[in-house]
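First comes the structure, then the notes that go with it.
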Amino acid sequence: MEVILADDYGFCYGVKRAIKTAKDNIDLSKKVCTLGPIIHNPQMVKSLADEGIGIVESVDEMENGKIIIRSHGVGPSIYDAIKAKGLELADATCPHVKKAQMSAKTLADEGFKVIIIGEKNHPEVKSIKEWAGKNSLVIGSQKEAENIAFVSKLGIVAQTTFSAKAFSEIVNILLTKSYDIRILRTICTATDKRQSAAIKLSKEVDMMIVVGGRNSANTTRLAQLCTEHCVTHHIETVDELHDDWFNNIKKIGITAGASTPDWIIKEVYEKCKTWQAY
């Protein structure tokens, strides 16, 4: 049995930066919390909690101390609330997310109807929408794109981890919705590379193992893409591997989402290698 790691997998620059920001701001003399989980990986969040980084879901929960903006970013109202309460601030927003936020704001300021292609309930998308203003819309499917009314000016941005293929399909429909269209493709290059590598590997193996948090949009998307080409299992930790998955499997591929720590990927890789004897 052969076990192959994808060419691109695991922590991206934005996640590495967010984790470093959190660790750099550990201060046991005061309350330090992230606003929501710093990244979408329960194991990493627990590791930071063990080092003294808590979590709050609202600025109202903090009366003093330091608040860390997570990698997914927030809207302008949150920055205003933090300033109003006099809290210290550490901003771990992914630079690619920040670019998407500012792109959406620029389009809105220039009079474009802003369409954000992504998942409505994802925290990153919610933050981009707030920067884009109340008249912006979030869509995530071709059907939703078809229902968009014709407008004079249409601006398009994307969730940074959205599927490149799905983005193109949706954009092709939106091209019929205005004569003045500006497309700012804000999908990050790391996402493109990770998805391309996963698809390539999934075509060459009998089974894919996709490692990462179930609440991670980019990990879930990797699993969806791999499923199109081979049997695929999405797991969070090595403990979720099942013996019967490996029956009659000669070649296994492994990839991982942008928020999956290296130690978890290594554990899965080493465990998969033990099945070579069967």
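General observations
- Residues in the stretch 179-208 that are small (Gly, Ala, Ser) and open to solvent by less than 10 Å² (accessible area, probe 1.4 Å) were compared, and the one that is nearest to SER259 (Cα to Cα) is ALA198.
- When the criteria are applied in full, ILE170 fails the requirement of being crowded, with 19+ Cβ neighbours inside 10 Å, of a type in the set (Val, Ile, Thr), touching a Ser or Thr at 6+ places or on another chain (Cβ under 8 Å) and in a loop (DSSP other than H, G, I, E, B).
- Filtered residue count, the stretch 139-166, keeping only those that are at pLDDT 95 or above and either assigned to a loop (DSSP other than H, G, I, E, B) or open to solvent by 10 Å² or more (accessible area, probe 1.4 Å) (or both): 14
- Some residue of the stretch 213-227 being out of contact with any Phe, Trp or Tyr (no Cβ under 8 Å at 6 or more places or on another chain), more than 18 Å from ASN41 (Cα to Cα) and of a type in the set (D, E, K, R): no
- Subset of the stretch 122-140 that is over 18 Å from PHE112 (Cβ atoms) and not hydroxyl-bearing (Ser, Thr, Tyr) - its residue that is farthest from the chain's Cα centre (by Cα): GLY140
- Out of SER58, SER47, sole residue that is over 25 Å from LYS129 (Cα atoms) and either open to solvent by 20 Å² or more (accessible area, probe 1.4 Å) or at pLDDT 95 or above (or both): SER47
- Taken over the stretch 44-71, the criterion of being assigned to a helix (DSSP H, G or I) and either in contact with a Ser or Thr (Cβ under 7 Å, 6 or more places away or on another chain) or of a type in the set (A, V, I, L, M, F, W, C) (or both) is satisfied by MET44, VAL45, LEU48, ALA49, VAL59.
- Matching residues in the stretch 100-121 - criterion: being part of a loop (DSSP other than H, G, I, E, B), small (Gly, Ala, Ser) and under 20 Å from the mean Cα position of the chain (by Cα): GLY118
- Here SER127 does not qualify as over 24 Å from VAL151 (Cα atoms) and either open to solvent by 60 Å² or more (accessible area, probe 1.4 Å) or not in a strand (DSSP E or B) (or both).
- Within the stretch 10-23, the set of residues being open to solvent by 30 Å² or more (accessible area, probe 1.4 Å) and touching a residue at least 40 places away in the same chain (Cβ under 8 Å) comprises PHE11, TYR13, ARG17.
- Subset tally (residues that are over 26 Å from the mean Cα position of the chain (by Cα) and farther than 12 Å from GLU2 by Cβ) for the stretch 247-269: 2
- In the set VAL74, VAL97, only one residue is in a loop (DSSP other than H, G, I, E, B), within 13 Å of SER127 (Cβ to Cβ) and modelled with pLDDT of 95 or more; that residue is VAL74.
The values are calculated or read from the model by the stated rules, or taken from the named source; none is laboratory data. If you're wondering where the values come from, they're calculated on a predicted model, not measured in any experiment. Glycine also receives a Cβ, built like all others from the backbone with ideal geometry; neighbour counts cover every protein chain displayed. Keep in mind that these areas ignore ligands, DNA and RNA; they rest on the heavy atoms of the full protein, side chains included. Shrake-Rupley method; radii C 1.70, N 1.55, O 1.52, S 1.80 Å.
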